[in-house]
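Structure first, commentary second.
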Amino acid sequence: MKAIQITVKSAGLLMMSAMMVLFSCLEESISSQEDTALITEDAIMDSYYEDTDDLISLVLLSDDIYSTGGRVANSRLVSLNDSRFACSGVAVTVTPDPKSTLEKPMVTILIDFGDACTDAQGNVRKGRIKVQIEGHRFRPGSTVVATFQQYYINGIALFGIRKLTNISTSTAGVPRFSIELTNAMAIWPDGTQTLRQNCVARTWLRAINPLNDAIVVENCDGMAVAATGTNRLGREYQIRILEPMLFKRGCPIAVKGVKEITDLRNNKVMIINYGEGECDRTITLTIDGNSRKVEVKKRS
């Protein structure tokens, strides 16, 4: 087994941390239980699927994945220096495709958390994530497709297909990806279900110092709606990113952007405005035309 020391986190973790902080405060700030359910479940779903992206990114940061081009004949185990992989039962297996080349690597990654693995933040994962990769991550046209095999995080079972496609115009420009989530379903410990489909475009603004990285998230090109779904109460909803959302490292939530969540049963609109670039914990929440400032609390 070859140990890979990972010191740079991906842009996915940047978003995940922000979303996990957000929903804890909204539960205390919205008077309607139904409104709370729509907004908090959206934040939880986003954060858990973003967590999947980040787990995959840590594996892809290993030079072994691309440097061999699949010329290693057999499957191999990769060890990563991250608390989410720290349990003795966790196994990350990389299997090259026979058609893989240095120019177009094709590999399958299996992330197996076993019966249960608790990370440093207290999140518990179990089950497996299967990842199929075609092409170099930062080359236009490359794809990363994740599916879930009896995978749970904090007792919530995740299903669906998560596909990241590099839609950059060239390797010289900033990395840009479309992120499509199809046939997604979360089954909660009480048996209730959340359904979701989404497509967003993510632009990774990489800095010389990774601590200054930022990402921009918006609707996929040509699409007015970022996500649709049904929450645990059976309420259908849709989400639009009205203004691109900007995430910066070190900031607890997005620093800029506007997100709209619509309850399709009664066309009730809830708008979250993240501000104009300040790295703070304040959002403006508008429901039924009434706006108020909300101070986002740190998640306990």
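The values are calculated or read from the model by the stated rules, or taken from the named source; none is laboratory data. What you see is a predicted model, and the numbers here were worked out from it, not measured in a lab. Positions of Cβ are backbone-derived with ideal geometry, glycine not excepted, and every protein chain shown enters the neighbour counts.
The table below gives the values:
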{"item": "Scope region 121-147; condition assigned to a loop (DSSP other than H, G, I, E, B) and either hydroxyl-bearing (S, T, Y) or within 19 Å of C199 (Cα to Cα) (or both); matching residues", "result": "R137, P140, G141, S142"}
{"item": "Single residue of region 56-67 satisfying the filter (assigned to a helix (DSSP H, G or I) and touching a strand residue (DSSP E or B) at 6+ places or on another chain (Cβ under 6 Å)) that is modelled with the highest pLDDT", "result": "I56"}
{"item": "Meets criteria (among the β-branched types (V, I, T), buried (at least 17 other Cβ atoms within 10 Å of the Cβ), more than 30 Å from S170 (Cβ to Cβ) and at pLDDT below 90) for I261", "result": "no"}
{"item": "All positions within region 77-120 that are among the small types (G, A, S), touching a helix residue (DSSP H, G or I) at 6+ places or on another chain (Cβ under 8 Å) and part of a loop (DSSP other than H, G, I, E, B)", "result": "A120"}
{"item": "Region 73-122 - residue that is touching a residue at least 60 places away in the same chain (Cβ under 8 Å) and not small (G, A, S) and, of those, nearest to N154 (Cα to Cα)", "result": "D82"}
{"item": "Pick from region 198-242, criterion under 17 Å from the mean Cα position of the chain (by Cα) and of a type in the set (D, E), ranking: surrounded by the fewest Cβ atoms within 10 Å (Cβ to Cβ)", "result": "E218"}
{"item": "Region 182-217, residues that are farther than 27 Å from E243 by Cα and among the β-branched types (V, I, T)", "result": "I187, T192"}
{"item": "Region 249-300 - residue that is acidic (D, E) and under 22 Å from the mean Cα position of the chain (by Cα) and, of those, farthest from N212 (Cα to Cα)", "result": "E260"}
{"item": "Residue count, region 274-287 (criterion: in contact (Cβ under 8 Å) with a residue 24 or more places away in the chain and either buried (at least 19 other Cβ atoms within 10 Å of the Cβ) or under 16 Å from L38 (Cβ atoms) (or both))", "result": "4"}
{"item": "Selected residue (only one of I167, I153, I129 is within 17 Å of L60 (Cα to Cα) and either within 18 Å of the chain's Cα centre (by Cα) or not aliphatic (A, V, I, L, M) (or both))", "result": "I129"}
{"item": "Residue list for region 109-127, restricted to those being among the hydrophobic types (A, V, I, L, M, F, W, C), more than 15 Å from Y48 (Cα to Cα) and surrounded by fewer than 19 Cβ atoms within 10 Å (Cβ to Cβ)", "result": "L110, A116, A120"}
{"item": "Selection within region 150-168 - part of a strand (DSSP E or B), within 17 Å of D53 (Cβ to Cβ) and not basic (K, R)", "result": "Y151, I153, I156, L158, F159, G160, I161, L164, T165, N166"}
